[in-house]
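Each value in this text was obtained by applying a stated rule to the coordinates, not by laboratory testing. Given the structure is predicted, the values throughout are model-derived calculations rather than measurements. Cβ atoms come from the backbone with ideal geometry, glycine included; neighbour counts cover every protein chain shown.
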Amino acid sequence: MSQAALSPARVALVGNPNSGKTALFNALTGGRAKVANYAGVTVERKEGVVTTVTGRTIHVLDLPGTYSLRARSPDEVVTRDAVLGQLAGETPPDVIVCVADATNLRLVLRLILELKKVGRPLVLALNMFDIAQRQGLRIDLEGLSREIGAPIVTTVATRKRGIEELVAQIDATTLAAATLDAQTWREPDAGEIRDAHREAQRLMKAYVRPPERPDTLTGKVDSVLLHPVWGLVILLGLLLVMFQAVFTGATPLMDLIDAAMTGLGGLVAQVLPEGLLRSLIVDGIVAGVGSVLVFLPQILILFFFIIMLEDSGYMARAAFLMDKIMGGAGLHGRAFIPLLSSFACAIPGIMSTRVIDNKRDRLTTILVAPLMTCSARIPVYTLIIGAVIPHRTVGGIFSLQGLVMFGLYAAGILSALGVSFVMRRFFWRGMSEPFMMELPTYKKPDPTNVARNLLMRGQIFMSRAGRIILPLMVLVWFLSTFPYAPAGATEPAIDYSFAGMIGHFIQPALAPIGFNWQMSVALVPGMAAREVAVAALGTVYAVGDAEAATGGLSARLAAQWSLASGLSFLAWYVFAPQCVATLGVVKRETNSWLWPAVMFGYMITLAYLAALIVYQVTVALGGG
Amino acid sequence: MNNLSMDRVTMADATPEVGITVRLSDASVGDRGVIVDVRADLDGKDHGVDVEELQRRLLEFGFVEGARIEVIHEGAIGHDPIAVRLDDMRVALRRRDAGEVIVLLDRP
Ligand SMILES: Nc1nc2c(ncn2[C@@H]2O[C@H](COP(=O)(O)OP(=O)(O)OP(=O)(O)O)[C@@H](O)[C@H]2O)c(=O)[nH]1
Ligand SMILES: [Mg+2]
C-alpha cells in the first residue's frame, strides 16, 4: 500500500440547512451531535473520525448549513472559512462532501456549482433517499454525476444506509485527485446567481423526474397548524398542555424519588452513629442533592415535548405563527428558535443566535434569552408553588398549581418581548434584516433519536447534580454547621453558624422584598446555577431543623413561609441573572465583558423591582 | 389585500391564459404563478440591508425568474408573514421583504 493511502484525509460536510449533514456525521463517526428537523441546528464546526476498511483515518468535519458560500451570519462564516481553508493554520479539506436532500435538489445544485469553484474534489451524498424512493422520485444518477463531475452516493443517514459506500468513495476520491484545481471562488453577483440557477434548472429538467407520489401530508397538516386562527389556538394549547404535563405528569415518579431519598436518609441515620459524618451525609448531601434530583422526571417530560416539536418539523411553524408578535417587539424572525431552545437552557439558546446575520438583532436576542424560563428554574418554581399555592382544580381540568407555573412561563415570555421592545425602541432603532425561513416537510420523530436525546439530557442533569451541586452542598452544610452555638445559646444553633451570619448580613437589603435569612443565604450558592438554591434551602432547613426532621422541604417551607414571601421569591427567579455559565457564554459570544455586565445589571434590577411589587401588593392584600 | 381586481377583469377578456402581474408583497393566499422578475429597486422601505443585498438573498433562496410560486398561508395579524410554495420548497417571509418579487399569476 502506498504512503498516500495511509496518510489521514480530511473531509468537510457541506450543504443546505436541514439536509441531514449532522445525521450523516453521526452515522459516519458514531457521534451524538444534535439532529433536528429545522434549518440552523448546527452552528459550530464539529470534528469526528472514521476509519476505512483499509485502516485509513478520515477526519470528518460537520458544518452549519448554508445556501451559498457568501456567508452573512456567523454560522455561515464558519462554513465558508472551513471550505476555503481561511482559518489560520488550516488548509482546505481534501474532499468536500456535499450533502443534499434528494427531494429538494434545485437549490443545492446551485450550491454545488459554487463549490466546484473551490477547486477541491467533490462527492455528492444524495441523502434522504428513502423519502425520494417512497415518493417515486427518479434521478438519473449516472447522467447527473457526469454533468457535475463528481461521484454520487445515495444515503439514508438516519438508518445508516450507504455509509460504507460513502466512506469508500471518499477514500477513492482522495487517492485519485492527483492535481488540485486552483481556487477561483469569489462572491457571485446577482447576474451570476441567476446564471447558476438557470444551469441548475437545466440539470433538474434533464436528470430528475418529478415525484410520482409527492408528499401531500405536509400541505394537509399545515392547513390546520398554520391556519391564522386555529394555528395560534393550537400553539397556545400545546404550550399549556406541555406545562400541565410537566407539573402533573411527573408527580408519581417524583414522589417515588422523594420517598427513596427520605428512605436513604433514614437508612444512613440508622447505620451511622449520631455525629458530624451523619449530619454531613443526611443533612448536607441527601437533603441537598436529593432535593434537586427529585426534579429529574419533570426535566425529562419538558425535554420530551421540546424534542418532539423539534424533530417533527413544528418549530419552524411556531416561528411563523409568532413572527408578527416578535417583529412587533423588534425581534428578528430567526430569534424564535433560539428563544424556544432557551426553555431548555439559555446556553444553547444563546449559541444558536449565530444564525442571525445582523449584530444588533443578534445582541437583542442574546440579552433577552435568559428571560425565557430555563429548565433549571423548574425545581425552584415547583418547590415554591408546591409549598405556597393550594392544591386545587380550576375549571374542572386545570390544576391551580399548573396554571401558576404557566403564568410564570408567560411572565418570562412577555418580559422578553418587553425588554426587546424597549431596547429596539430606545437604543437600536432601525429595521431588522430580511427574514426568510424554510418550512421543512413534516417527519415522524425518530424514536432512537428521541430516546438518545432524552438520555443525554438526563445524563447532563445528573452530572450537574454530581459536579456542581454536590460540592456546593458540602460547603453549604459546612457553613451551616460551624461554628457551633455558644454555651447557653437561646436561638437555634444555625443562627450562630457562618451561613446564619451571612444570611443575617444580607437579609436587611432583601427585607423589603420579604426574604428571610434562609432565602437570602440560598441566593449565594444559587449564583452557580438556579437549582442550587433549592438544594441550599434543603440543606439549610435540614441542618436548622435537625430535631423535627419530619416531612420534605416543601412541607417545611409551607409551614414557615408566608404567601407573600413565596410569591416574591418566584418573581425574583423570573428575572434574576442567577447563572454564571450563561454570563460566561454571553462574554464568549459577544467577545466583551460589557454585554454580560449589561445583562446582569438589567436582570437584577428587574428581579428586585418585580419581587418588591409582588411582595408589597400581596402583603397589602392580606397575604403577608 | 390588493387593488388589482379591476385589472383582473379587464385583462380577463384580452388574454385569458396570461394573467396579470403582482408584487409578491401584495399577493393573497391562493395566488399562484411564475416569478417573472426579482428587482433591486429603491422602494423607500427599510429592509435592514441595501436592496442589492436583499435581491441576492432572494435569489439565493430560490426566488428566481422562472420559478413556480404559490402563496399558501398568511399570518393572522395584518396578513403577515406569508408562506409560499416555491417549486419543491416551502418558504416563509415577511411581506415587507417580498415587494421586489414580481409574479405573473396563472388566473386572470
Ligand atoms: N427520512 C430521513 N430523514 C433524515 C435523513 N437524514 C436526516 N434526516 C432527518 O432530517 C432532519 C435534519 O437532519 P440534520 O442532520 O439535523 O440536518 P443538518 O443538515 O445537520 O441541518 P443543519 O445543521 O440545520 O444545517 C432530521 O429530522 C433528521 O432526522 C434520511 O436519510 N432519511
Ligand atoms: Mg446539522
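Side notes on the structure shown:
- Whole-Å distance, taken between Cα centres, linking the stretch A:24-39 and the stretch A:299-320: 17 Å
- Working note: Debye formula, equal point scatterers on the alpha-carbon atoms of the stretch A:350-400, no solvent; log10 I(q)/I(0) at q = 0.23, 0.26, 0.29 Å⁻¹ is -0.85, -0.97, -1.06.
- For the stretch A:38-119, applying the loop criterion from DSSP together with a ceiling of 12 other beta carbons within 10 Å to the GluC sites (Glu not before Pro) yields A:GLU90.
- Distance between the pseudo-spin-label points of A:ALA597 and A:ARG467 (7 Å out from Cα toward the beta carbon): 2.9 nm.
- Those residues of the stretch A:300-314 whose amide nitrogen sits under 18 Å from the label point placed on A:LYS444, 7 Å along Cα→Cβ: A:308-314
- Across the cross-link table entries A:LYS34/A:LYS444; A:LYS324/A:LYS587; A:LYS116/A:LYS205, which are compared at the Cα atoms, the separations over 27 Å belong to A:LYS324/A:LYS587.
- Legend: mean number of C-beta atoms from other chains within 10 angstrom of residue C-beta atoms, peptide B:80-88, equals 5.
- Trypsin sites (Lys or Arg not before Pro) within the stretch A:53-127, DSSP loop, no more than 16 other Cβ atoms inside 10 Å: A:LYS117
- Within 10 Å of the Cβ of each residue in B:50-58, the mean number of Cβ atoms contributed by other protein chains is 4.
- Alpha-carbon centroids, the stretch A:136-208 and the stretch A:546-624: separation in whole Å: 55 Å
- Value in Å of the Kirkwood radius, where chain A supplies the Cα pairs that are averaged: 27.0 Å
- Antiparallel bridges, percent of DSSP beta bridges restricted to the protein assembly as shown (to nearest 5): 65 percent
- Counting every other Cβ atom within 10 Å of each residue's Cβ, A:VAL540, A:VAL617, A:VAL229 order from fewest to most as A:VAL229, A:VAL617, A:VAL540.
- Look at the stretch A:436-442: the mean tally of other chain Cβ atoms within 10 Å of its residues' Cβ atoms is 6.
- DSSP-assigned coil residues among chymotrypsin sites (Phe, Trp or Tyr not before Pro) in the stretch A:533-624, each with at most 13 further Cβ atoms within 10 Å: A:TRP593
- Helix-derived mean residue ellipticity, 222 nm - over the protein assembly as shown, DSSP H n ≥ 4, -39500 (n - 2.57), to 500: -16000 deg cm²/dmol
- Theoretical FRET efficiency, 1/(1+(r/R0)^6), r = Cβ-Cβ of A:ARG198 and A:ARG146, R0 22 Å, to 0.05: 0.70
- Rounded to 10°, Cα long-axis angle of helix A:106-116 versus longest principal axis of chain A: 70 degrees
- Local charge for A:SER375 was computed over the other residues whose Cβ lies under 9 Å away, with Lys and Arg +1 and Asp and Glu -1, and equals +1.
- Net charge of Cβ neighbours under 13 Å - reference A:MET501; Lys, Arg +1; Asp, Glu -1: -2
- Shape of the stretch A:2-213, Cα gyration tensor, a/c cut at 1.5: rounded
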